[in-house]
Amino acid sequence: MYLTSNISQLMTEKIKINSKVFIGGWVRNKRHSKLGISFINLYDGSCINDIQIIANNKLNNYKKEILNITSGCSLTVKGILKYSPKNLQKYEIHALKIKVIGWVYNPGKYPISPKKHSLKYLREVSHLRSRTKIISCITRIKHNIALYIHNFLNKKNFFWVNTPLITTLDTEGSGKMFRVSTLDLSNIKYKKNKNIFKKDFFGKEAFLTVSGQLNLETYACSMSKVYTFGPTFRAENSNTKRHLAEFWMLEIEIAFSNLEYIINFIEKMLKSIFKYFLNFHESEISFLSQREDNNLFNKINKILLNKFNIIEYNEVINILTKCKENFSHLITWGEDLLIEHEKYLTNKYFKNIVIIYNYPKNIKAFYMYLNNDKKTVASIDVLFPDIGEIIGGSQRESRINILDERLEELKLNKNNYWWYRDLRKYGTIPHSGFGLGFERLISYITGIYNIRDIIPFPRTPYNAKF
């Protein structure tokens, strides 16, 4: 009897040596010896390792099929699990039967050859790039860290709320949103109609959401601890390593909490994630460190051993204006930080993660709690070395009169926010929350600093072909 298995199970000693096993996978590479023995490296995506298949010329289809196998072919193998006599791998399978399931047509043009491809090249073949070690490694890490976050929050008594992807409100007030419509907007009669969206599917203008926060707050004001985890959309024409038009956000809202509370919570959560990654992804960390020439063990350990640097916006401006760094833009109080300022703070000045709090109200959203100075809001940005902002959050404005003033200041129609304002009218509470860019977090963890290599099918300006 053959035990159906995957490579991960074989490598973790869950199957005894000399067992008969059945496995399916794809050919990474192969070589044939003059002695009538073929060595086939097979992968199935279950772990970072390949397993070597030993096939000899006594197999019925050796000459007709096995000698013609190329990289990318899919196989099923029945064989006996053995210890490998070489140090390159611990186990190998001595094949008793090999069946070719799928051939590669025109092997010379197969886009994923055994050689090391650049990440830039792999973006051009996104539909096939998960066949490489680097992309499958990133995918497993994303999967496991997402599961860890769900479990971490569950143990902290949080509830997962599925917030809508379609909205009629702009959470951030930026206006850079993707419209959702069933109207034929190329029709000239629609273009001239000022009340065009009354005839649309929702009876008003609708968009893909930039954040689930406002909806999430409604549940925080009844269930205390809630989060949402899903895709969000930004129509910014930003063609950088840090930006995507579609990306995933972890958003958390906590009732009866202030800014200090969520700062402490964020540090504990992030360090818990990093500790998990360090303890359970040793093989992935070693592979990524070698490939990218970046010692991830040291980088993650440094974060775990040091407290985050927590600093007020006012002090940040003092540091940036007094330093001798040759910035392309000299920042003044009231302006938002640019990536060059963020990198100076994280990479050179503090050399670690930085949490900046109490930003000027004029550069932050309407829902953030107005401080007593009337100039700043109880907000935070969490900056990571080499990446920049990964988390943005705040204490939410719980006072209806102040919220209305902020809406008016930003020329937002408070009638559009009637249900959000109701939260401040019916049993209002102090509450706080934040949003974490999931791909940016994985980018930092893996040392792969182009966010387009972190998401399976990147959506960027003029790029949605897959």
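The values are calculated or read from the model by the stated rules, or taken from the named source; none is laboratory data. All figures in this text were calculated on a predicted structure; none of them were measured in a lab. Ideal geometry is used to build each Cβ from the backbone, glycine not excepted, and the neighbour counts take in all protein chains shown.
In table form, for the structure just shown:
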item	result
Subset of the range 238-261 (residues that are crowded, with 18+ Cβ neighbours inside 10 Å and of a type in the set (S, T, N, Q))	S257
Close pairs from the range 96-109: first under 23 Å from G79 (Cα atoms), partner in a strand (DSSP E or B) and of a type outside the set (V, I, T), Cβ under 6 Å, at least 6 apart	L96/K78; L96/G79; K97/K78; I98/A55; I98/L75; V100/L75; I101/S74; G102/S74
Residue count for the range 280-290, restricted to those that are surrounded by 16 or more Cβ atoms within 10 Å (Cβ to Cβ) and either part of a helix (DSSP H, G or I) or on the phi > 0 side of the Ramachandran plot (or both)	5
Filtered residues of the range 297-338 (kept if surrounded by 14 or more Cβ atoms within 10 Å (Cβ to Cβ) and among the basic types (K, R))	K299, K302
Given (1) surrounded by fewer than 15 Cβ atoms within 10 Å (Cβ to Cβ); (2) closer than 19 Å to S46 by Cβ, number of the condition Y91 does not satisfy	(1)
Members of the range 348-400 found to be among the acidic types (D, E) and outside any strand (DSSP E or B), listed by number	D373, D386, E397
Residue in the range 223-237 that is surrounded by the most Cβ atoms within 10 Å (Cβ to Cβ), counting only those that are out of contact with any helix residue (DSSP H, G or I) (no Cβ under 8 Å at 6 or more places or on another chain) and under 22 Å from M177 (Cα atoms)	T232
Options K361, K374, K351, K299: the member that is free of Cβ contacts under 8 Å to residues at least 24 places away in the same chain and of a type in the set (K, R)	K374
Where a residue in the range 144-159 is touching a residue at least 12 places away in the same chain (Cβ under 8 Å) and its partner, wherever it lies, is surrounded by 13 or more Cβ atoms within 10 Å (Cβ to Cβ) and among the β-branched types (V, I, T), with Cβ under 7 Å and at least six apart	I145/I273; I145/I442; Y148/I273; I149/I273; F158/V226; F159/V226
Qualifying residue in the range 203-222 (condition: surrounded by fewer than 17 Cβ atoms within 10 Å (Cβ to Cβ) and either in contact (Cβ under 8 Å) with a residue 60 or more places away in the chain or within 20 Å of V382 (Cα to Cα) (or both))	no
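Yes/no per residue for (1) modelled with pLDDT under 85; (2) β-branched (V, I, T); (3) not assigned by TED's automatic domain parsing to the domain that holds N413:
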{"site": "T182", "(1), (2), (3)": "no, yes, yes"}
{"site": "S186", "(1), (2), (3)": "yes, no, yes"}
{"site": "K194", "(1), (2), (3)": "yes, no, yes"}
{"site": "I273", "(1), (2), (3)": "no, yes, no"}
